[in-house]
Each structure stands twice: as structure tokens, then as C-alpha cells.
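S.K.: Attaching a single structure in C-alpha cells format; questions to follow.
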Amino acid sequence: MYTTVPHWIDGAEYTATDTRTAEVTDPAEGVVTRNVALASSGDVALAVQAATDAFPGWRDTSLAKRTAILFRFRELLNERKPELAALITAEHGKILSDALAEVSRGQEVVEFACGIAQLVKGEFSENVSTNVDVHSVRAPLGPVAIISPFNFPAMVPMWFFPIAIAAGNTVILKPSEKVPSAAVWIARLWAEAGLPDGVFNVVNGDKVAVDALLTHPDIKSISFVGSTPIARYVYETGSAHGKRVQALGGAKNHMVVMPDADLDLAADEAVNGGFGSAGERCMAVSTVVAVGPIADRLAEKIAQRARSLRTGDGRRDCDMGPLVTAASKERVTGLIASGIEQGATLVVDGREISVDAPSTGFFVGPTLFDHVTTDMKIYTEEIFGPVLLIIRVDTLQEAIRLVNSNPYGNGTSIFTGDGRAARAFQNEIEVGMVGVNVPVPVPVAYYSFGGWKDSLFGDSHAHGADGVKFFTRARVVTSRWPLGAGTGINLGFPVNG
Ligand code: NAD
């Protein structure tokens, strides 16, 4: 285990001697466990140089050889994921089974990328004009950057790098400085799988590293995931520097519960989707929209379940771990106080709970507010903690208007037994990922993940067909092999014939 988590550049650990560092904490114990190196722009330049140098060789490596390395990486990851999950829990705090699940969801993208030979296949047309053929290829971009958030230290980077690498690009990953160890662990695994040096690099760091990547002339694309203000900044700065950018931002996800819904299922899923990973998921259910006369019964069922959750150290037997940092805990408890001040009904208070962990951990227990209105800060801000809100409305149309008025458009769901209501909802709702009786509708790897409106800046969603398109660019080749005589001089625009 490192005392200072290094970068990984050109197939080896790297830390500059005069580096700045930040502290990394174990959130369940609330203690600093190690430091992380924070890259300077010079450190980033070294990584970009390594990726630039490695690019021509990797681009020209056959699809068969690239795929063989991906398969080896998949096998190693599958064997060793408990190790990676333990690292995630130690720095993020989520319970071990959840950390394992995030690695498994990331692994699905590796498995999708193993089919790269099929995914980048071009087209060929013979004799488009006399003796003239046309074919298209999807070529890699070059060195690409991935900048990831704290809440999925393995899965979010894996939304991008398996496809980027499979398609022939070289990668620089800048993980969140709060959870740096998973990225370096993954880099070692790539080396073990036989990936050439310089194809996968990690720079740890903060805004300095991000800005260096956004403005470096040799970086061809940016895949960013994080909060909306930073996503907007990354999109604008990266685009202004001529890069292809996909920047996934924050969320406020609504779960609409219709009067005919199975209320026990809806209450179970509101609690699973609202409090899983302590609410630190961009697809977490943050607001339950209770339609019609069921609101009291639904609120009671959710409250009962929320009270039964066991909060503690994610390495022990419990349902929910701590928040990632002391600052997060302070932010979330501040928002809970604002909800009370602004008149919401606090049904379950997670601020004073007993936990199976040291009292120094960054714990907030499951918290439930009822009678929330859309002007309250707990509704207008992304809380990113275990705080679930209930808003009451009278009709489905009112629920749809509410969801569509929210600036975010990441995920949403409807719980109902009525196909017509579900169909109207999925048709009219302005959100990128929709669940029908599914609370957290995260698409599988061969579909694309992404929100609408303030939840995503750019044209491309992550993984699936969008991912392949994002990490490649089209080239169309028109060719002929002259049969002898010249064609004669003709300055006119060529017409096929
Ligand atoms: P964050 O925006 O604070 O950080 C994300 C990344 O940006 C990190 O690598 C961080 O080092 C970097 N960063 C932070 N401040 C910066 C600055 N001023 N300039 C440049 N770079 C900066 O986000 P977070 O707290 O790590 O993650 C939680 C957020 O991510 C939530 O808003 C959540 O909804 C969002 N998220 C979205 C998705 C999605 O798919 N839409 C997925 C996961 C998380």
C-alpha cells in the first residue's frame, strides 16, 4: 500500500520529487490513510508525451492482438475484483458488495470492447463510378483524456477506457483525488495483461491537472464525469481548445409513483435507489413524486424501510456506508437543516444515528423529507447524500411537468401497472434514461449512458454505439487503379458514371 499514491506514466509509477500532495481519507474511520501526488502541468506533459509516442504503434497493432490483450485484462479483472473492491471501499466508503457490483458493471464495458473488430468495421462499395471503389474506416483519434468523479472510482473510468483502447487510442486517466488508488491498480493490471507502455497512463491531481489536459494541443478528446458546473467548464474550455468533448454532469432523479403501483415494490425500490451507496450515485433516486391518494401510505412504507437500514463501516455487515469526506457530511447536514427551515416535514432524521463504526467516520443516516416543494434548497440542489424527498402531486401530467421543469435530465422512473401511463411517461419525459418499474435505469454496456439538459454537455453519451463513435473518426477512401491510358484534362466537378 502506498504512502503517497503515484502517477502511472509510460508503464511505471512516477512521482516528481517536488510534487504537491493531498490527503486521502478512510471515510468509515475518518482518518487520513495516505497522500496522493497532485500533478503539475509538467507531469501532465510527460504523460501526454508517453501517450503520443505510444500512439502510432498501438494504432497499427492488429485488431486480433488488441483484442487478445483486452480478453486478458477482462480475465485478470474478473479474478481479482475483490482486491479492487476493497480499495474502493477503503477510500470511497461504499459497502463491499456495492464496490464489487460497480467493478462488475465496468467489466461489462470491457466485454463489449472485446468485440471491437465488429464495432469498427467499415463499409465497402465497389464500382461507385467506373473502376472506382469507396470504403470507409473508423480510425482512432490519438491520445485521449478521461477525467472521473469520486463516486465510481472504477466503473466510470471503465465507461470509457476499454473502448478507447480497443479502438486504438492511447489514454490518460485523471481520477478524483479523493479516491486515487483504483486507477493505479487498474494501470498495473493493464501492464500485466500485456498492454504496451504508454497506452494507458494515470495522472493524479486536481484542477491544475485538469486544465493542463484541457489545453494540451496533443490531447484529442475529453471524457469528463462530475458535477454540472465543472462539466460545463470542461465542455467550454475543451471545445475552445479544439477537442471533442463529452461532459456528463450532475442529476436530480425523480421516481414517479402512480396510484395503481405496487406500493411495497415502489417503497423497496425508492429506498434501494435513494440510499444505495449513501445516495452518492448520479442515478440515485432523489425525489419520489407521489401521484394522488397513495402519498400517505407510500411515505409510511418508505419511512419504515429507511429506519430499518443499518449504517456502518462498509467492510462490515451493513446496508449503507459513510459519505466520502468530512466536507460532504457537512454539506449534506447543512442541506438537511435548510429543509427543516424551509418547512419540509422531516420524517426520518439521519443526523443522529448509531453506526457500526468509529464515531469519527463521516456518517449521515437515511433521511426522509415529505411535503417538499420545488422552491426548497433540498429540491433545487443536488444533495449527493442519503436524503430522499417526497413531493405530492395530483396527476400524471403534473408529475411529468414537474420532472421536465427540472434543469437536470439524467434518470427518471415511473412505477405503475398501467401500460398507457408508462407509455405516455416515456414519450413525454425530457430525460436521457428512463425506467419503468426500475428505479435506477443504468443502461447495459451495449446501449449508451447519458442524460439530457444540464446532465450532459456534448453530443455523445458514454459506451455503446456512442462510445465507439466518440473514440473514432470516420475516414472515407475513394480509389481507382488506372488501367492504362490517362483520363485527359477536365476541370469540371467529377460526376459518377
Ligand atoms: P467534481 O465535479 O467535484 O469532480 C469531478 C472531477 O473534476 C474530479 O476529477 C475533480 O478532480 C475535477 N475537478 C474538481 N474541481 C475542479 C475544477 N474547479 N476545475 C477542474 N476540474 C475540477 O465531482 P465529484 O464530487 O467528484 O463527483 C460527484 C458529481 O459527479 C455529482 O454531481 C454527480 O452527479 C456527478 N456524476 C455524474 C455522473 C453522470 O453520469 N452524469 C456519474 C457520476 C457522477
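S.K.: Counting only DSSP beta bridges with both residues in the chain, tell me the antiparallel percent, nearest 5.
M.R.: Percent antiparallel among DSSP bridges in the chain is about 40.
S.K.: Right, here's the next one. Mind checking the per residue accessible area of the chain for me, 1.4 Å probe, whole number of Å²?
M.R.: 41 Å²
S.K.: Using a 1.4 Å probe on the protein heavy atoms, what percent of the accessible area of region 253-436 belongs to carbon and sulfur?
M.R.: On region 253-436, the fraction of accessible area on carbon and sulfur atoms equals 46 percent.
S.K.: List the relative contact order of the chain as a percent without decimals, with contacts defined as Cα pairs under 8 Å and 6+ residues apart.
M.R.: 18 percent
S.K.: Let me ask something additional. Lysines near residue 65 by alpha-carbon distance under 23 Å, same-chain residues fewer than 8 away left out - which ones?
M.R.: 121, 469
S.K.: Give the lysines whose C-alpha is closer than 26 Å to that of residue 207, dropping any in the same chain fewer than 8 places away, or say none.
M.R.: Partners found: 94, 174, 178, 220, 243, 252, 329, 453.
S.K.: Does region 253-436 classify as rounded, prolate or oblate by the C-alpha gyration tensor (a ≥ b ≥ c root eigenvalues; a/c under 1.5 gives rounded; else a/b over b/c gives prolate, otherwise oblate)?
M.R.: Since a/c reaches 1.5 and a/b is larger than b/c, the shape of region 253-436 is classed as prolate.
S.K.: Still on this structure, I have one more. Nearest 500 deg cm²/dmol is fine: what mean residue ellipticity at 222 nm does the chain get from its DSSP H runs of n ≥ 4 alone, each adding -39,500 (n - 2.57), divided by its residue count?
M.R.: -12000 deg cm²/dmol
S.K.: Let me check I've understood the local charge: for residue 159, count other residues with C-beta under 12 angstrom from its C-beta, Lys and Arg +1, Asp and Glu -1. What total comes out?
M.R.: Around residue 159, the charge tally is -2.
S.K.: Could you pull the accessible area for residue 305 with a 1.4 Å probe, rounded to 10 Å²?
M.R.: So the heavy atoms of residue 305 present about 50 Å² to solvent.
S.K.: Which FRET efficiency value, to the nearest 0.05, do you get for residue 135 and residue 264 by plugging their Cβ-Cβ distance into 1/(1 + (r/R0)^6) with R0 = 51 Å?
M.R.: 0.35
S.K.: If DNA, RNA and ligands are ignored and the probe is 1.4 Å, what is the ranking of 428, 123 by accessible area, most exposed first?
M.R.: I get 123, 428, largest accessible area first.
S.K.: Next question. Residue 2 accessible area, nearest 10 Å², 1.4 Å probe?
M.R.: 60 Å²
S.K.: Got a number for the accessible area of residue 376? Probe 1.4 Å, square angstrom, nearest 10.
M.R.: 10 Å²
The values are calculated or read from the model by the stated rules, or taken from the named source; none is laboratory data. If you're wondering where the values come from, they're calculated on a predicted model, not measured in any experiment. Positions of Cβ are backbone-derived with ideal geometry, glycine not excepted, and every protein chain shown enters the neighbour counts. Just the protein is used for accessible areas: all its heavy atoms, side chains included, with ligands, DNA and RNA removed. Shrake-Rupley method; radii C 1.70, N 1.55, O 1.52, S 1.80 Å.
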